[in-house]
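Quick notes on the structure that follows.
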Amino acid sequence: MQSRILQILTRWTERTEMVLERERKRLKVGRSGELDRSFKTRVLTVAQDLFESQIDFLLRGRFVDMGAGRGRKIESQAGNRALLEEKSGRKPKKWYSRAYYGRLNDLQGVLGYQLMESAIQSIKGPLESE
């Protein structure tokens, strides 16, 4: 069962990396290529029955996802009111959060199904041998 979960997590991590790359290209995030070059994924065995998937990339990729970044300089109280009322700013390009959390939902479904099948087999096995 452990090797099956590790295999599922590894395939999920590889697929998630492809989905995030597709979203970055679709939304034209990171034209310089630095974000793509910084992207690294790995699956680790933390303990005997505990696995971990890590996705690392430059922090500025999350800023683009949130729509944060360089804004106008706030100098005076009168200027602050005008800046806060303006709606012109950076729009978020949801390349990470929407895709990643959708993929996380898929992983939960697959693992839940595997655990359910394992529980059924552990109950069914002793009953059939009687």
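The numbers here are math on the coordinates, done by the rules we state, and not lab data. In this text the structure is predicted, and so the values were computed from the model without any measurement. Positions of Cβ are backbone-derived with ideal geometry, glycine not excepted, and every protein chain shown enters the neighbour counts.
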Projected onto the charge dipole of the range 2-49 (+1 at Lys/Arg Cβ, -1 at Asp/Glu Cβ, origin at the Cα centre), which of Q7, G33, L44 gives the Cα projection farthest towards the positive end? G33
What is the gain in length, in nm to one decimal, between Y113 and K91 on full extension, counting 0.36 nm per residue of separation less the C-alpha to C-alpha distance? 4.1 nm
Net +/- balance of residues flanking M116 in space, Cβ distance below 14 Å, scoring K and R +1, D and E -1: +1
Checking the cross-link filter: which aspartates and glutamates have an alpha carbon closer than 14 Å to that of K93, excluding same-chain neighbours under 8 positions apart? E21, E23, D65
Test item: Cα-centred dipole of the range 20-70, Lys/Arg +1 and Asp/Glu -1 on Cβ, debye: 460 debye
Inter-site label distance for K124 and N105 at 7 Å from Cα along Cβ, in nm: 2.9 nm
